[in-house]
Each structure stands twice: as structure tokens, then as C-alpha cells.
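Asks: Can you read through this structure? Questions will come right after.
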Amino acid sequence: MQDRFPAQERFSDGAQYIAGRLTKGTSGAVHTVIDPATGEEVLTYELAGADDVDAAVAAARAAFPGWSAATPGERSDAMHRFAAVLADRAEDLARAESLQCGKPLKLTREFDVPGTIDNTSFFAGAARHLAGQSAGEYSGDHTSYVRREPIGVVGSIAPWNYPLQMAAWKILPAIAAGNTIVLKPAELTPLTSLLFARAATEAGIPDGVVNIVTGTGRTAGEHLVGHPGVAMTSFTGSTAVGKRVAEVATATVKRLHLELGGKAPLLVFDDADLEAAANGAVAGALINTGQDCTAATRAYVQRPLYEAFVERTAALMGTVRVGDPFAPGTDLGPLVSHQQRDRVAAFVDRARGYARVVTGGEAPSGELKSGAYYLPTLIADAAQDSEVVQSEIFGPVLVVLPFDGDDEGIALANDTPYGLAASAWTRDVFRANRATREIQAGCVWINDHIPIISEMPHGGYKASGFGKDMSAYSFEEYTQVKHVMFDNTAVARKPWHRTVFGDS
């Protein structure tokens with residue numbers, strides 16, 4: 001176990017990070033982080049209560065005047081140092097993420113951690129390119145220009161499926177724009193958010209700019225969202241919880257950014273490369289053990305390829321190596337908790353009454369029995385209105401359905417409340433172009449599924465929320481726009497004054 005991550009030792013001072021230091025929570029309640037691969041205890045810590053949230057918001061408010069007044073170059077330099085510190089801590093971050101989430105080390109080393117470092121480098125550069133509209137004389141007698149200004153203290157809530165990357169997606173655009181932030185990670189997975197905040201301090205980002213409160217959603221989360229000292233709320237999580245966040249935030253008229261659930265379709269036309277589509281479906285469905293809101297969950301395959309696709313995808317799923325996240329060669333780790341594993345299993349068990357479980361559909365036995373593991377699962381022949389097609393399962397489960405004409409395929413792809421991501425597989429440029437136009441999703445991949453890059457936005461349509469993470473578009477969430485207008489005439493009586501008094 002010594003090769004995992006010494007969480008209890010590293011967070012002996014507490015799992016709250018306020019004004020540049022670790023502290024213990026004051027709620028009176030404790031939580032234990034569990035290694036989902038073994039069921040063993042990783043860290044027991046004191047949860048945040050309302051007083052801790054108040055202290056974090058106060059620290060962020062105190063830091064805001066200085067940080068918002070820093071020049072773009074000063075913020076950029078600090079964030080470049082931040083990226084360098086993260087690079088130095090890469091192995092620590094990877095092991096902590098694998099330990100708390102059950103992710104295979106190859107995923108955290110090759111995806112989560114490098115992606116986070118790249119995000120940090122991107123926003124370090126973007127901080128120097130945060131500009132408003134150029135000046136102009138739009139009325140003839142005045143010069144106008146637009147300023148982009150920071151909003152204030154951002155109160156963000158991140159989920160448990162990508163704790164490190166979600167902390168980065170929340171924190172980086174906010175502080176690059178000159179805001180300060182209080183982030184509440186999921187209480188299941190606080191380790192890498194705390195390491196991330198500590199790295200910011202080591203890089204010279206002032207105390208109070210980045211704060212972490214680790215508590216439950218009902219206690220710490222709702223208090224943070226409803227806090228009068230918080231000017232904006234950014235939330236990533238389920239659509240159901242997002243509705244509650246919106247309800248609480250609206251009471252204090254906050255800026256609101258929501259990235260919610262997904263049920264991404266993978267649309268395979270009859271001219272697609274079958275091998276590429278099957279490989280893409282398996283990778284896109286099983287990444288992070290399927291606990292990804294953009295994961296491929298519904299494969300719609302045009303009827304001439306349907307049976308071959310089902311057969312090939314099932315065969316490929318059978319080659320996936322399920323095992324200890326820290327063991328060499330592991331492809332798929334456990335789900336984040338036994339509760340989540342049981343939730344996924346219940347979806348599949350109910351589906352047996354109306355669909356065909358082609359492969360998987362059970363937890364492994366033997367040495368993996370104590371972990372929260374579930375085998376890669378393929379379900380076929382479900383109805384479009386069935387639970388496994390319409391609801392977010394959030395596990396290693398792919399549902400495959402046939403379609404006939406192109407119109408039907410695109411209609412089926414759009415036939416859920418969600419609209420976060422989708423993919424289309426075809427050799428025909430016109431089909432591909434139509435899919436990108438007509439599929440209602442914030443991201444549409446062609447002949448691939450899942451890749452993301454720092455320069456491009458991530459966010460959804462419909463019940464998947466609104467607003468963008470990553471890219472320069474995220475500054476639209478974390479800045480407020482101010483119109484400045486100068487009179488150029490230097491006359492006391494303006495022509496428009498006659499509409500109020502006088503005739504000329």
C-alpha cells in the first residue's frame with residue numbers, strides 16, 4: 001500500500017484550505033474517504049460547516065481587491081509558475097487521484113494530470129488576452145469602449161468523477177480573469193483539489209485567492225451557493241442537483257454557470273468504418289469506468305451494420321483488463337464507491353426485463369470482489385423510451401439501438417432531455433456536416449468520441465446546462481461587461497437635451 005498515496009499524513013492538519021493554509025472543519029461531523037478498489041480507509045477528516053464557508057468567503061473577499069488590481073502580466077506570471085509547480089507534483093497528483101477515484105494510473109498519468117497542467121498553461125497565457133471591444137464612435141458624438149471586469153468571489157461546486165480536472169476548470173478561468181474563488185469539491189474525493197490549491201500558494205498566488213471547503217452539499221454547498229458575499233456560482237454535477245443550485249442561487253441574483261448531466265449518442269451511419277466505430281464506442285463508453293458526462297452511452301447504428309457492430313463491440317469489451325488501478329496493465333478500475341456500483345447494477349438488472357444484456361452485467365468475483373468493480377456491459381434491443389436509453393447511468397454501460405434512414409438516426413440522437421456531447425461516424429462529408437448542424441449538443445465529434453482540448457469550449461444544450469468551461473469562451477462566464485462612453489463635444493447643452501427641456 002506504500003506505493004499509493006499517504007493521504008492521512010499529508011492532510012493531518014485538515015481537509016479545508018482557507019487563506020493559504022490547511023485547517024480542520026468545524027461542522028462537528030467527519031467523513032472517511034474510501035479506496036474504492038479495496039474498500040479500505042484512506043483519510044478521515046472533519047467536514048466543513050457554515051462557519052468554514054464564511055471564513056473562506058471572507059478570505060476570498062479580502063484577497064479580491066489586490067488580485068483583481070494585478071496586471072494581466074502579473075496574473076499570467078503567477079499562473080505560469082502554478083503550471084510549473086503542478087508539473088513538479090505530477091506523480092503525487094496522479095496517485096492521489098487514482099487512490100480516491102479508482103482510476104487506473106495510466107488514465108491519471110496520461111489524461112487527468114497532463115490535461116490539468118495544460119489547462120493551467122493555457123489560462124496563464126489567456127490572462128494577457130482578456131480584452132473588450134475596441135473603441136469606436138458609434139453615436140458620432142461619443143467614444144465607446146467595453147471593459148471586461150472580474151465579478152468578485154466565485155463559489156464553485158465540483159463533482160467526484162474528475163476531481164482534479166474539475167477543480168482546474170472552475171478555478172483557472174476565474175482567477176485568470178481576476179476573481180477569487182471558494183471551491184467545494186465532493187466530500188468523497190477532496191485530495192487533489194487540496195493539492196491543487198496548495199500548489200497555487202507555492203507558486204506565489206496570494207493567500208485567499210484560491211480556497212477549498214470540503215463538506216456536504218446540504219451543509220457547505222447550499223451555504224456557499226446562497227452566501228451573500230458570493231457573486232457567482234459555478235456548478236458541475238447532475239441535472240437534478242443543478243436545479244436545486246439554481247433555486248438557491250436565484251434568491252440572491254447570482255451569476256450562474258451550470259454544467260450538468262449527459263446521455264451522449266454515438267451515431268454510426270452505414271458507410272462508417274466499422275472497426276473504428278466499435279473501437280471508439282468501447283473507449284468512449286468506458287473511459288473513467290463510464291463515469292463521464294460526455295461518455296458514449298447510446299450507440300445508434302444504421303441497420304446494415306447493426307449486428308456486426310454489436311458483435312465486434314462485445315468482443316472488444318471482453319479484452320478490457322479490469323483490475324487494481326495501481327497495477328501495471330489495468331485498463332478499467334472500480335467505480336467511485338460501492339453505492340455507485342450498486343446503482344449501476346440496478347439499472348442493468350432492471351433492463352434484463354426488456355432488453356438483452358450481450359456481455360458483462362455483473363460485478364467480478366475473486367480478488368476484485370471487495371472493490372466497487374463492475375464489468376464492461378453492452379445492452380441491445382432496448383426501446384427508445386426505456387430507462388437505460390433515457391437516464392444517465394454513469395457506469396461502464398453502453399446501449400445499442402438500430403436505425404434506418406438518416407433522418408431517424410439524427411432524431412433518435414436528439415431524443416433525450418440532454419445535450420452535452422455526441423459523435424457521428426461516417427466517411428461522407430455531407431452526412432458529417434449535417435450531423436454537426438442538427439445534433440443538439442455542445443460538442444459533436446466526427447469519427448472520434450471524448451477528446452477535449454484547452455483551446456475549445458465545453459458545455460451543453462438543453463438539460464445539460466449552460467455556460468462554457470475551458471477556452472477563452474469561459475471568460476464570458478467569469479467576467480462582467482461594462483460599457484464606458486465619453487462625450488467628445490465639450491458642449492454643455494447636448495442636442496438630445498431638448499427631449500427633456502427647451503426647444504433647441
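The numbers here are math on the coordinates, done by the rules we state, and not lab data. Keep in mind that what you see is a predicted model, and the values were worked out from it rather than measured. Neighbour counts run over all protein chains shown; Cβ positions are idealised from the backbone, glycine included.
Asks: With a cap of 13 neighbouring Cβ atoms within 10 Å, and only residues DSSP puts in a loop, list the chymotrypsin sites (Phe, Trp or Tyr not before Pro) found in segment 319-364.
Replies: Y354
Asks: Could you calculate the FRET efficiency of T44 with R218 from 1/(1 + (r/R0)^6), where r is the beta carbon distance between them and R0 is 22 Å, rounded to 0.05?
Replies: 0.65
Asks: If each of K369 and A276 carries a label point 7 Å out from its Cα toward its Cβ, how far apart are those two points in nm?
Replies: Inter-label distance under the simple model: 4.5 nm.
Asks: Could you let me know the centre-to-centre spacing of segment 442-479 and segment 332-395, using Cα atoms, in angstrom?
Replies: Measuring centre to centre over Cα atoms gives 28 Å.
Asks: When Lys and Arg each count +1 and Asp and Glu each count -1, what net charge do the other residues less than 11 Å away from V210, Cβ to Cβ, add up to?
Replies: Combined, the nearby Lys, Arg, Asp and Glu give +1.
Asks: Next question. Taking the Cα atoms only, what angle lies between the long axis of helix 90-101 and the longest principal axis of the chain, rounded to 10 degrees?
Replies: 60 degrees
Asks: With r as the distance between the Cβ atoms of R352 and R437 and R0 = 45 Å, compute the FRET efficiency 1/(1 + (r/R0)^6) and round to 0.05.
Replies: With a Förster radius of 45 Å, E is 0.75.
Asks: Show me the ranking of peptides 238-244, 26-32 by mean Cβ neighbours inside 10 Å, starting with the highest.
Replies: Top to bottom by mean Cβ count within 10 Å: 238-244, 26-32.
Asks: If packing is taken as the mean number of other Cβ atoms within 10 Å per residue, what is the order of 390-396, 489-495, 195-201, 358-364, highest first? All intermediate terms of the calculation are to be shown ahead of the outcome.
Replies: Working: 390-396: 21.7, 489-495: 9.3, 195-201: 23.4, 358-364: 17.7.
Result, highest mean first: 195-201, 390-396, 358-364, 489-495.
Asks: For the modelled label position 7 Å from the Cα of D487 along Cα-to-Cβ, which residues of segment 132-149 have backbone nitrogen atoms closer than 14 Å?
Replies: 141-143
Asks: Of the peptides 220-230, 169-179, how do they stack up when ordered by the mean number of other Cβ atoms within 10 Å, highest first?
Replies: Output ranking for 220-230, 169-179: 169-179, 220-230.
Asks: Determine the distance separating the Cα centre of segment 18-86 from the Cα centre of segment 275-328; give it in Å without decimals.
Replies: First find each Cα centre; the distance between them is then 36 Å.
Asks: If you add up the charges near F501, with Lys and Arg at +1 and Asp and Glu at -1, over every other residue whose beta carbon is less than 14 angstrom from its beta carbon, what do you get?
Replies: +2
Asks: By a straight-distance test (C-alpha under 24 Å), which lysines pair with K468 as possible cross-link partners, with residues fewer than eight away in the same chain excluded?
Replies: Of all the lysines, those that pass the test against K468 - Cα under 24 Å, at least 8 places apart if same chain - are K170, K184, K243, K254, K263, K482.
Asks: Here's another thing I want to ask about it. Quote the charge dipole size of the chain about the Cα centre in Debye, to the nearest 20; the model charges only the Cβ of Lys and Arg (+1) and of Asp and Glu (-1).
Replies: On the way: 44 positive and 59 negative charges, 239 e Å.
Here the size comes out at about 1140 debye.
Asks: List the chymotrypsin sites (Phe, Trp or Tyr not before Pro) within segment 80-168 that fall in a DSSP loop (any state other than H, G, I, E or B) and whose Cβ has at most 13 other Cβ atoms within 10 Å.
Replies: Y138
Asks: Quick check: the angle from helix 72-88's long axis to the longest principal axis of the chain, C-alpha only, nearest 10 degrees?
Replies: 30 degrees
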